[in-house]
Amino acid sequence: MHSIATTAKPSILTRTGHLSPAASFYLLASMTVSFLAGSSAPTPLYPIYQAMWGFSPVMLTIVFGIYALAVLAALLVAGRLSDHLGRRPVLIVAASGQALVMLLFATAESVTGLLVARVIQGLITGAAIGAVGAAMIDIDKSRGAVANAVAPAFGTALGALTGGIFLQYLPDPTHLVYAGLAAIFVAQAMGLRFVRDSIAPQSGVLASLKPRFNLPRATREPLLLAVPILLSVWALAGFYGSLGPMLMRGMLHSRSPMLGGLALFVLAASAGISVLLLHRQTPRVMVMLGAGALFAGVALTVLALPRSAIALFFMGTAVAGVGFGTGFQGAVRSVIQSAAPHERAGTLSIVFIISYLAMGVPAVAAGVLLAQHVNIIAVAQIFCAVLMALAGASLAGGAVRYFR
C-alpha cells in the first residue's frame with residue numbers, strides 16, 4: 001500500500017463560513033487603500049474640471065479642503081459608532097455609500113456637483129476610517145498599527161497615479177476612473193458580509209453620535225505629544241493635494257495630465273515605503289525621524305520652488321514623504337497602544353480629526369491668499385515655512401523628552 005502525503009492548504013474561509021483572520025485583515029487594509037485612492041483620484045482631474053467649468057484656483061482649494069472638513073464633521077459625530085454598533089455594519093454601509101459617491105462624481109455637471117460629491121465622500125470616509133483602522137488592530141495589534149500608516153499612503157499614491165493614467169491614456173477618464181472604483185467598493189461590501197465582527201455590539205449607540213472629545217486617560221499625554229507631528233505631516237499632505245498640480249504645471253511649463261498627480265504620488269509612495277522599511281523602530285524614534293525628514297524635505301522644496309528646479313523639488317518631496325510616513329506611523333502607535341479594544345475607534349477618530357483639520361484648513365487658507373493675487377510660489381513658501389516650524393517644534397519636544 002502506498003501512502004500519499006498531503007499538505008493542507010490554508011483556506012480563506014473558516015468552518016463557520018467566515019473569512020479567516022488573515023483574509024479579513026487584507027480585505028480591511030484594501031478598504032483603507034481604496035477609500036484613500038477614491039479621495040485622491042480626482043486630484044489630476046481638477047485642472048480638467050477647471051477648464052470645463054471655468055472655476056478659479058481659489059475654488060480648486062475649496063474643493064480639496066471641503067473634503068477634509070467633511071471628514072472632520074463625520075469623525076466628530078460618527079467616529080465612535082463602530083465601538084458600539086460593531087465594525088462590520090458600519091463598514092458595509094460605508095463601502096456601499098462610496099460606490100454611490102463614485103456615481104455622483106461621474107455624473108457631476110458643474111463645480112456644485114463636484115462639491116456635493118466631495119462632501120458626501122468626506123462624510124462616509126470620516127464615519128469609516130476609525131472603524132476600519134480599529135478593526136485591523138483588533139485582528140492584529142502590531143500589523144494593524146503598521147497598516148494604519150502604510151495603507152493610507154499607498155492608497156493616496158495609487159489614486160493619484162491611477163487618475164493620471166486614466167486621464168493620459170484612456171478614453172472618457174472623468175467617468176471611467178469612477179466606474180472602476182465603484183466596482184471595487186461593491187466587491188468590498190460583498191466581502192464584508194463574510195467577515196466576523198471583531199467586537200460585540202454595546203449599548204450607547206445614540207449617545208455615541210453626540211460630538212465629544214472623550215479621550216481615554218491613558219492616551220491623553222501620548223496624543224498631546226503627538227500633536228505637532230500630526231499637524232505637520234497632514235498639512236504637508238494638504239499642500240501637495242491642493243497646490244501640487246498647479247505647482248507642477250507651472251514649474252514644468254507643461255499641461256500633461258499625468259503631472260497633476262505626480263507630486264502627490266511621489267510623496268505618498270515614499271511615505272508608504274518608509275513605513276514598511278522602518279516600522280520595527282520604536283514610536284519615539286519614528287516620530288523624531290519623521291520630524292527630521294519632513295523638515296529637511298520641505299527645506300529642499302523651498303529651495304527648488306523659485307528656481308523651478310524640478311529634480312530638487314522631487315528629491316525634497318521624496319524626503320518629506322519619508323517624514324510623512326514615519327511621523328504618522330510613530331504618532332499612531334504611540335497613542336493607540338494605550339487604548340482598550342472598545343476605545344480604539346474613538347481614539348483613532350480623534351487622531352484623524354486632528355489630522356484632517358491640519359490637512360483642510362491650511363489648504364483653504366492658501367486659497368484665500370491666492371484670491372488676494374498672491375503669487376503661487378509665495379503662497380507655497382509661506383506654507384512650507386509653517387510646516388518647517390511645526391516639524392521643528394516636534395523635534396524640539398522630542399529632544400526635551402529624551403534628555404529629561
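The values are calculated or read from the model by the stated rules, or taken from the named source; none is laboratory data. In this text, all values refer to a predicted model and were calculated from it rather than measured experimentally. All Cβ positions, even for glycine, are placed from backbone atoms using ideal geometry, and neighbour counts span all protein chains on display. Ligands, DNA and RNA are excluded from the accessible area calculation, which covers all protein heavy atoms including side chains. Shrake-Rupley method; radii C 1.70, N 1.55, O 1.52, S 1.80 Å.
Brief remarks follow.
- Computed log₁₀ I(q)/I(0) - Debye formula, equal Cα scatterers, no solvent, the stretch 64-140, q 0.12, 0.22, 0.26 Å⁻¹: -0.34, -0.93, -1.13
- In a DSSP loop and with at most 16 other Cβ atoms within 10 Å, the trypsin sites (Lys or Arg not before Pro) in the stretch 277-321 are 280, 307.
- What the Kirkwood sum gives for the stretch 58-212 is a hydrodynamic radius of 16.6 Å, with every pair of different alpha carbons counted.
- Peptide ranges 216-224, 176-184 listed from the most packed, as the mean C-beta count within 10 angstrom indicates: 176-184, 216-224
- Most to least accessible of 110, 274 (protein chains only, probe 1.4 Å): 110, 274
- Where only DSSP H runs of four or more residues are counted, the chain gives -27000 deg cm²/dmol as its mean residue ellipticity at 222 nm, each run worth -39500 (n - 2.57).
- Extension gain for residue 308 to residue 221 (0.36 nm times residue separation, less C-alpha to C-alpha distance): 27.1 nm.
- Near-label residues of the stretch 89-127 by backbone N, under 17 Å of a point 7 Å along Cα→Cβ of residue 196: 89
- For the chain, accessible area per residue (1.4 Å probe, heavy atoms of protein chains only), Å²: 41 Å²
- A convex hull fitted around the alpha carbon atoms of the chain yields 166 Å³ per residue.
- The accessible area of residue 18, taken with all protein chains in place and a 1.4 Å probe, comes to roughly 50 Å².
- Mean silhouette area of the stretch 149-195, derived from the convex hull of its C-alpha atoms and averaged over all directions, reads 3.9 nm².
- Apportionment of accessible area to carbon and sulfur, the stretch 317-404, percent (1.4 Å): 71 percent
- Heavy atoms of residue 112: accessible area, 1.4 Å probe, square angstrom to 10: 90 Å²
- Spread over its residues, the convex hull of the C-alpha atoms of the stretch 128-206 is 126 Å³ per residue.
- Highest to lowest packing among 162-169, 27-34, 102-109, scored as the average C-beta count within 10 Å: 27-34, 162-169, 102-109
- The chain - charge dipole about Cα centre, Lys and Arg +1 at Cβ, Asp and Glu -1, debye rounded to 20: 820 debye
- Percentage, to the nearest whole number, of Cα pairs in the stretch 307-368 over 16 Å apart: 63 percent
- Area accessible to solvent at residue 90, 1.4 Å probe radius, in Å²: 20 Å²
- The stretch 273-289 - phi-based ³J(HN,Hα) in whole Hz, Karplus 6.51/-1.76/1.60, Gly and Pro as x: 5, 5, 5, 4, 7, 10, 5, 7, 5, 5, x, 5, 4, 4, 5, 5, 4
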